[in-house]
Amino acid sequence: MKWKNRQYGEESPYIPAGPFKIRIPFIHYRFEWPDYVQGLLMCAVDLSAIPILIELLGMPFEVALAIVVLNGLFYLLHHLLGDPAVPGWITPAIPLIMLYCQQFPEGPERVHALIAFQMTLGILSLVLGATGLASKVVRLIPSALKSGVILGAGFAAVISVFQIGGRFEAFPWTITIAIGLGFYLLFSKHFASFQNRNRFLGTIAKLGVFPVILLAVFIAPLFGEAAWPKIEWGFSSPDFITLWNEYTIFGLGFPPLMMFLTGLPTVLAAYIVLFGDVLQTKALVEEGAASRPDEKVEYSPSRAHLIFGMRNSAMSVIGPDVTMAGPLWSAMQVVMVERFKKGRKAMDSFFGGVGSFRWGTNTGLFLLPIVSLVEPILGVAMALTMLVQGYVSVKVGILEARSQRDLGIAGIIGAVLSIKGAAWGFAVGIILCFLIYGKDFFKGEVDDTFTKDADTHDENQEKKVI
């Protein structure tokens, strides 16, 4: 077991393979059973993609489950190839992708649109990862435009829940109670102070949204908004045959070239959101590494691009997925980093933690008791995911702006994008940036909007000291 021989300050053992560093469980890292067990439970969040696939593509439950299983297997690539991350969806982009796909009639044409979209995103990510151009491309986009795209993703996420025919109409009481509790657990300063003083509450906090999803299993039947779960025993049965015959290029043929072109604005919007996740991953990894000098952990954006580029490219061929293949599941990355900080006894290697967790979620997808338990409230789980993502996207989108003019432009872009789609949003944003900034189109401006209160705060603090 090579992991036992790691010296202080070294990387965990690996097999070099070009830009990748291959690590095999039990050989190159210790298997972390607490993270594996947590993964068994948290597969419920992965399963919440199923209602979206059913709604958007009209596919049976077992076919949608097959896509979730394939996506889960590809999650393993990140830690196996040297990326220290808990990968996930490109969650903020899901409403934008749904809005784009809904422009096409349900059936083969809509599936083709999704295939073309995911394939384009995968190829773009691979090219940017291989050339190292990722950060340069995003840097060229004006701050107002980036702010507007992320804001629009947040608006679209919230609209998808509350629009006519949305999930709120099906689960009004359950979603109200679940999202109230979810926001309290995730964002409340009051709960944050409690969780630091109470071990039980600290454990609840580390489980992310899972306690809320588990509560929804009981709340929904009590309010007559879902049936009580019928626990089944055995193993789940994803339907790969129907998936490949009716929802992939093997059965439908290759999408028309025009679909690759029409999807470009939305692909660019999804990539802007995705790149924000890359930056967030880098920051979280560096935070954890600073607390654990005994293990050298490095994050490479280019390597991450290559891995999620491969995932999106492969899924577009064998199982097109509206949630897309993203670089980060932010809630669980935070949980892993916090456990890693506790020292080598708690988590020998960061790769052991993130790897064991993703092996756990993959196992859970095949266990019928877990799948059948959460099946009645998967719509609630997705609504919760969308609303939490809406909160985060609006916050991040606003902070991406650099001036009050940026904020005004971003608000218009976000509203248009969430209603009319990414192509309209980009067109409006480009026109507004030209009209307002002219020759400073790429440069924009920086004012004191985000610092004006800091000076007042500092002055007040000085007065208190005096």
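Element breakdown for the chain at a 1.4 angstrom probe: carbon and sulfur atoms account for 66% of the accessible area. For the chain, the equivalent ellipsoid derived from the Cα gyration tensor has semi-axes of 31, 30, 25 Å, listed largest first. Mean residue ellipticity at 222 nm, helices only, the chain: -21500 deg cm²/dmol; runs of at least 4 DSSP H residues each add -39,500 (n - 2.57), and the sum is divided by the number of residues.
Placing +1 on the Cβ of every Lys and Arg and -1 on the Cβ of every Asp and Glu, with nothing else charged, gives segment 33-153 a dipole about its Cα centre of roughly 540 debye. Every Cα-Cα pair of segment 1-157 was included, and the share exceeding 24 Å stands at 52 percent. Taking packing as the residue-averaged number of other Cβ atoms within 10 angstrom, the listed peptides 267-274, 279-286, 74-81 run from highest to lowest as 267-274, 74-81, 279-286.
Remark: relative contact order (segment 294-397) = 15 percent; criterion is Cα-Cα distance under 8 angstrom and separation of 6 or more residues. Dipole check for segment 116-259: with +1 at the C-beta of Lys and Arg, -1 at the C-beta of Asp and Glu, and the Cα centre as origin, the magnitude is about 840 Debye.
Counted by Cβ distance under 13 Å from Leu140, the other residues give a net charge of +4, where Lys and Arg count +1 and Asp and Glu count -1.
The Cβ shell under 15 Å around Glu106 holds other residues with a net charge of -2, Lys and Arg each +1, Asp and Glu each -1.
Among 220-227, 177-184, the peptide with the highest mean count of other Cβ atoms within 10 Å heads the list, and the full ranking is 177-184, 220-227. The peptide list 84-91, 61-68, put in order of mean Cβ contacts within 10 Å with the highest first, becomes 84-91, 61-68.
Computed from the alpha carbon atoms alone, the convex hull of segment 127-282 holds 242 Å³ per residue.
Rolling a 1.4 Å probe over the protein heavy atoms gives the chain an accessible area of 43 Å² per residue.
The modelled label-to-label distance for the pair Lys342/Gln103, using points 7 Å beyond Cα in the direction of Cβ, is 4.8 nm. Measuring nothing but how far apart in sequence close Cα pairs (under 8 Å, 6+ apart) lie, relative to its length, the chain scores a relative contact order of 35 percent.
The values are calculated or read from the model by the stated rules, or taken from the named source; none is laboratory data. The structure displayed is predicted, hence computed values, not measured ones. Quick reminder, even Gly has a Cβ in these numbers, built from the backbone with ideal geometry, and neighbours come from all protein chains shown. With ligands, DNA and RNA removed, areas are computed over all heavy atoms of the protein, side chains included. Shrake-Rupley method; radii C 1.70, N 1.55, O 1.52, S 1.80 Å.
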